[in-house]
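A short reminder: the numbers here are calculations on the coordinates, not readings from a lab. None of the values given here were measured: they were computed from a predicted structure. Every residue, glycine among them, receives a Cβ derived from its backbone with ideal geometry; neighbour counts consider all protein chains shown.
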Amino acid sequence: MELETREKELLGKIDHRRIPGHVAMIMDGNGRWAQERGLPRSAGHRQGVETVRETVRFCNYLGIKALTLFAFSTENWRRPAREVNYLMSLPGQYLQTELPELVKNNVRVQLLGERNRLPAQVLRAIDEGLSATAGNSGMTLSFALNYGARREITRAVEALIGDLQLKGGKVSVSEDLLASYLYTAGLPDPDLLIRTGGEYRISNFLLWQLAYSELWFTPVYWPDFSRLHLLGAIADFQQRERRYGRISQK
């Protein structure tokens, strides 16, 4: 991957032994990006896909082990039907275009969220991506699609209760056991959450998993989020002390 001079400078200042293993991103600001340019909201979403493409490539280049992107929430169904339909077409378009490169680069694709309500063509594209990359052992690229964290936790509890009833309720419930019923089972919790678009909330995203994640917010809209911004977020992350309830060691 060819880097610009400023990118090389920032990359040289980063401690590559402390690259976050799992980065989660809330990709916000597509619509506002378009509206401020007098464009339809779909133009912002289309440009946002280009940012996804570049971000996935760069995260893989940096050695990030897992990247989770909040693509469509359970609340996003409340948007106008035309916008919802357009948003639903984007994951399939992305995978159809990028799947050969993802396979080549050993990236494994997975879906976080409920399959119900997803259009058949979206599910076909996703299933093709899941199947084609299932044996890959590099970066795990997760798309949170039709995803809501409260529903995820509720669903996990329902499944756990059902299994406990089958086993006579004799299994001791632990955090690790409940976590094994979440969509992210098998993935480490995110080290870093990045949210673009100037909002300071996590919007029902990975509520369980973000318990000890470092949060990084930027006013930059997602279509303008660049490799420089990602490097800046990682540099800031590396300046923080993650104590997990312990006292400072400094």
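Which trypsin sites (Lys or Arg not before Pro) from region 90-122 combine a DSSP loop assignment with at most 15 other Cβ atoms within 10 Å?
Here the sparse-neighbourhood loop sites are Arg115, Arg117.
If I model a spin label at Tyr86 and Lys104 as a point 7 Å from the Cα along the Cα→Cβ vector, what separation in nanometres do I get?
Result for the modelled spin labels: 3.0 nm.
Counting DSSP beta bridges with both partners in region 26-165, what percentage is antiparallel, nearest 5?
Of the beta bridges lying entirely in region 26-165, close to 0 percent run antiparallel.
Summing +1 for each Lys or Arg and -1 for each Asp or Glu, what net charge is found among the other residues whose Cβ lies under 11 Å from the Cβ of Arg18?
Surrounding charge for Arg18 is +1.
To two decimal places, what compactness ratio does region 1-141 give when its Cα radius of gyration is scaled by 2.2 N^0.38 Å?
Taking N as the residue count of region 1-141, the ratio is 1.13.
Using only alpha carbon pairs under 8 Å that are at least six residues apart, calculate the relative contact order of the chain and give it in whole percent.
After rounding, I find 28 percent.
Taking N as the number of residues in the chain, what is its Cα Rg relative to 2.2 N^0.38 Å?
Scaled against compact globular proteins, the figure is 1.04.
Grab the alpha carbons of region 169-232, take their convex hull, and tell me the volume per residue in Å³.
107
With a point put 7 Å past each Cα toward its Cβ, work out how far Gln96 is from Glu2 in nm, to one decimal.
2.9
Any idea what diffusion coefficient region 143-195 gets from Stokes-Einstein, in µm²/s, Kirkwood Rh on alpha carbon pairs, 10 °C, 1.306 mPa s?
Answer from the Stokes-Einstein relation: 127 µm²/s.
With an 8 Å Cα cut-off and a minimum separation of 6 or more residues, compute the relative contact order for region 156-248 in percent.
After rounding, I find 23 percent.
Write down Rg/Rh for region 125-240, rounded to two decimals, with Rg from the C-alpha atoms and Rh from the Kirkwood relation over Cα pairs.
My calculation of the ratio gives 1.03.
Short version: ³J(HN,Hα) in whole Hz for each residue of region 52-62, in order, from phi by Karplus 6.51 cos²θ - 1.76 cosθ + 1.60 (θ = phi - 60°), x for Gly and Pro, what are they?
Residue by residue, region 52-62 yields 4, 4, 5, 5, 4, 4, 6, 4, 5, 4, 6 Hz.
Show me, bin by bin at 5 Å from 0, the whole-percent P(r) of region 48-125 based on Cα pairs.
3, 12, 24, 27, 18, 10, 5, 1
Once phi is turned into ³J(HN,Hα) by the Karplus curve 6.51 cos²θ - 1.76 cosθ + 1.60 with θ = phi - 60°, what whole-Hz value does each residue of region 182-197 show in order, with x for glycine and proline?
7, 4, 8, 3, x, 9, x, 4, x, 7, 9, 10, 10, 10, 8, x
For region 81-87, just list the computed ³J(HN,Hα) in residue order, Karplus coefficients 6.51, -1.76 and 1.60, θ = phi - 60°, integers in Hz, with x standing in for Gly and Pro.
In residue order, the calculated couplings are 4, 4, 5, 4, 4, 5, 4 Hz.
Taking 0.36 nm per intervening residue step and subtracting the Cα-Cα distance, what contour gain separates Glu50 from Ser137 on full extension?
28.9 nm
For region 69-203, what relative contact order do you get, as a whole percent, if you take Cα pairs closer than 8 Å and at least 6 residues apart?
With pairs under 8 Å counted, the relative contact order is 27 percent.
Given 0.36 nm per residue, what is the gain on full extension from Asn204 to Val157 after removing their alpha carbon distance, in nm?
Computed gain between Asn204 and Val157 is 15.2 nm.
Return the single residue from Ile19, Ile161, Ile194 with maximal mean-square fluctuation; model: Gaussian network over the chain, springs between Cα atoms under 10 Å.
Looking only at Ile19, Ile161, Ile194, the largest GNM fluctuation is found for Ile161.
What does the charge count around Ala235 come to, taking other residues whose C-beta lies under 13 Å from its C-beta (Lys +1, Arg +1, Asp -1, Glu -1)?
Result for the local shell: 0.
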